[in-house]
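Step one of this worksheet: look at the structure below.
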Amino acid sequence: MTSWMMRTALSAALVMAAGAGFAQTPATSDKLVATKTAWSVFADTSPKECWGVSKPKESVNTRDGKPVSVKRSDILFFVTFRPGQTGGETSFTGGYPFADKSTVDVTIDNQTFQMTTKGEWAWAASPDDDAKLMAALQKGSEATLTAHSGKGTQTKDTFSLSGFTAAMQEAASRCK
């Protein structure tokens, strides 16, 4: 497994455990360093990275406008910070391979942003797009990410932004 995949799996496990109210010690250098309402903050020393991550409070899956039951792996929204980097880098894993050449729409308080997709991952197209998305995330109360799978399913994952700003401040300060 790549370090990114390991980080995702570990983050998912710890976010689930933190949400359930019990602590867990990670098996790698990743460490859960804080929980800020709906967002958890992790730090890694090799390479030095810090990130905030959250799982959705609601997920709706539809095909042809009708609700469907689908199997998805971890659904996580990330903001990653690295030393020397200005601002955070947003990313999202929807738990399935996105449709080819598709985008993920991120809607926050009637503003919509797009993320580029590849495989099971999506991210802002540029640092400027990240900055605009981060500004909206800090002001909003929830973010809805809408995407399409390669199998024709539309997914809408809604994330609480409660604790987002505090989590991002914590992550950024740990990776200066």
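Read-outs: derived from the displayed coordinates by stated rules, not from any lab. Since we're looking at a predicted model, the values are computed, not measured. Ideal geometry is used to build each Cβ from the backbone, glycine not excepted, and the neighbour counts take in all protein chains shown.
Some points to look at:
- With θ taken as phi - 60° and the Karplus curve 6.51 cos²θ - 1.76 cosθ + 1.60 applied, the whole-hertz 3J(HN,Hα) list for segment 48-65 is 5, 8, 9, 8, x, 8, 9, 9, x, 8, 8, 9, 10, 10, 9, 9, 6, x Hz, x standing for glycine and proline.
- Nearest-0.05 FRET efficiency for K118 and S73, computed from C-beta distance (R0 22 Å): 0.85
- Sites D128 and S59 - FRET efficiency at Förster radius 30 Å, r taken between beta-carbons, to 0.05: 0.55
- Between A99 and H148, S149, G150, the built amide H atoms are under 5 Å apart, and every one of these is 5 or more places off in sequence or on another chain.
- Note that segment 158-169 has calculated 3J(HN,Hα) couplings of 10, 10, 6, 9, 5, x, 4, 4, 4, 5, 5, 5 Hz, one per residue in order, obtained from phi through the Karplus relation 6.51 cos²θ - 1.76 cosθ + 1.60 (θ = phi - 60°); glycine and proline are x.
- Computed over neighbours whose Cβ is under 14 Å from that of F92, the net charge equals -3, Lys and Arg +1, Asp and Glu -1.
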